[in-house]
1. Please tell me if residue 78 is within 12 Å of residue 13 (Cα to Cα) and among the charged types (D, E, K, R).
2. Applying the selection to the range 1-26, what residues are under 14 Å from the mean Cα position of the chain (by Cα) and in a loop (DSSP other than H, G, I, E, B)?
3. What are the residues in the range 50-107 that are basic (Lys, Arg) and either surrounded by 18 or more Cβ atoms within 10 Å (Cβ to Cβ) or under 30 Å from residue 33 (Cβ atoms) (or both), if any?
4. If you check every pair at least six apart or on different chains, which have Cβ atoms under 9 Å apart with a residue in the range 48-71 that is β-branched (Val, Ile, Thr) first and a residue that is in a strand (DSSP E or B) and surrounded by fewer than 20 Cβ atoms within 10 Å (Cβ to Cβ) second?
5. Of everything in the range 27-45 that's in contact with a Ser or Thr (Cβ under 9 Å, 6 or more places away or on another chain) and part of a loop (DSSP other than H, G, I, E, B), which residue is surrounded by the fewest Cβ atoms within 10 Å (Cβ to Cβ)?
6. Go through (1) modelled with pLDDT of 95 or more; (2) within 13 Å of residue 13 (Cα to Cα) for residue 120 and report which single condition fails.
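The values are calculated or read from the model by the stated rules, or taken from the named source; none is laboratory data. Just so it is clear, the model here is predicted, and its values are computed rather than measured. Cβ atoms come from the backbone with ideal geometry, glycine included; neighbour counts cover every protein chain shown.
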Amino acid sequence: MDLGERARGIRLAIFDVDGVFTDGTLYIDRKGGEELKAFNILDGHGLKLLHAAGVKTAMLSGRKSKPVSHRAKELGVDFVIQGTGDDKIPHFERLLKKLKLAEAQCSYMGDDLQDLPLLRRCGLAVAPPNAVEEVRAAVHYVTRAHGGRGAVREFCDLVRKARGPAR
């Protein structure tokens with residue numbers, strides 16, 4: 001199956017956060033130890049366009065972060081699952097069951113080794129070029145844009161264009 005066919009069938013787009021929505025850098029406030037993250041505005045708009053095209057979205061992160069919850073709410077992300085640790089598969093399987101979707105109807109964008117099991121099971125596996133080598137070698141598509149620098153938007157545009165005019 002070619003990339004366009006894979007992208008056309010996507011009904012749920014799942015994203016890791018650190019290294020995908022962000023460049024992977026953590027900023028820690030020295031006064032209170034609060035975590036800060038930088039998100040790209042293009043990525044956020046891409047998610048809104050994906051929603052308009054009828055694709056559900058999810059953020060699936062091994063870590064828990066208040067900035068992620070805030071940004072996801074702001075963007076209308078359908079499912080936000082944080083604090084999974086390295087094993088994201090049970091959460092993936094619950095989402096599939098809840099939405100009555102096949103693995104082939106889901107995409108996942110990740111950047112590190114803990115993402116490999118999920119990347120190997122979904123219908124469209126994507127990574128930014130800042131992903132570790134093993135991940136880049138295992139995916140169907142590597143974006144030109146880096147994590148935190150428009151990679152999510154590039155993916156969203158790929159899926160939207162493959163699906164054709166808005167329904």
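1. Against the criterion (within 12 Å of residue 13 (Cα to Cα) and among the charged types (D, E, K, R)), residue 78 qualifies.
2. Hits for the range 1-26 are 10, 11, 16, 17, 18, 19, 20, 21, 22, 23, 24.
3. 56, 63, 64, 66, 71, 73, 88
4. Going by the 9 Å Cβ cut-off, the qualifying pairs are 57/79; 68/80; 68/82.
5. Residue satisfying both the conditions and the ranking: 38.
6. (2)
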